[in-house]
Amino acid sequence: MDNIELKTIVHDSPEYEAELALRSAILRRPLGLSFSADELAAEADSHHVGCFIDEELVGCLVLKPMDVRQIQMRQVVVDERFKGRGIGRAMVKYSEDLVRKLGFKTMVLHARETAVPFYEPLGYARVGDRFTEVTIPHWVMVRAL
């Protein structure tokens, strides 16, 4: 694989602006959505993880604490040019290690239905019924850490 660097991104930093641009381009704009100022402010207490190749952000995700034991993985995205190179798996593993060290015991996520086959081999299990979020089908998925 390319020389990749996984690291946390500081909220409101230049790297965070690159993260927002990537998340917006892949997850929001295709659905006609954008980030509100309130949504961005609410991310200040989240952990942001980025994957960089030659200092270019090629993937990212957000980890939002739900309580002292559970954390939610959100907004997982990999630049289309870099899909299929293991970047998503590497970010998930890095995130699991990070939140384990922070004391969290359970990772929760809302997976787009098309992403369920990505998460299941990584140990995530569907919980409950399919639901609609941002106009598309999702599943709650959970993994004990």
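Structure notes:
- Helices (runs of 4 or more DSSP H) fully within the stretch 1-117 counting 2 or more residues that are basic (Lys, Arg): 87-101
- Inside the stretch 126-145, residues that are of a type outside the set (Ser, Thr, Tyr) and either touching a residue at least 40 places away in the same chain (Cβ under 8 Å) or surrounded by 13 or more Cβ atoms within 10 Å (Cβ to Cβ) (or both) make up a count of 11.
- Residue match in the stretch 65-84 (condition: surrounded by fewer than 12 Cβ atoms within 10 Å (Cβ to Cβ), at pLDDT 95 or above, touching a strand residue (DSSP E or B) at 6+ places or on another chain (Cβ under 9 Å) and of a type in the set (Val, Ile, Thr)): no
- Filter pass, Ser95 being under 13 Å from the mean Cα position of the chain (by Cα), surrounded by 13 or more Cβ atoms within 10 Å (Cβ to Cβ), small (Gly, Ala, Ser) and farther than 24 Å from Pro121 by Cβ: no
- Which listed residue is farther than 18 Å from Tyr119 by Cα and at pLDDT 95 or above, from Gly88, Gly103, Gly32: Gly103
- Close pairs from the stretch 1-29: first under 13 Å from Ser46 (Cβ atoms), partner of a type in the set (Ser, Thr, Tyr), Cβ under 6 Å, at least 6 apart: Ile9/Tyr16
- On inspection, Met107 does not qualify as within 15 Å of Ile9 (Cβ to Cβ) and under 12 Å from the mean Cα position of the chain (by Cα).
- Residue match in the stretch 104-112 (condition: over 24 Å from Pro137 (Cα atoms) and without any contact (Cβ under 8 Å) to a residue 24 or more places away in the chain): no
- Qualifying residue in the stretch 125-135 (condition: part of a strand (DSSP E or B), out of contact with any Asp or Glu (no Cβ under 6 Å at 6 or more places or on another chain) and among the aromatic types (Phe, Trp, Tyr)): yes
The values are calculated or read from the model by the stated rules, or taken from the named source; none is laboratory data. Predicted model only: the values in this text are computed from it and were never measured. Positions of Cβ are backbone-derived with ideal geometry, glycine not excepted, and every protein chain shown enters the neighbour counts.
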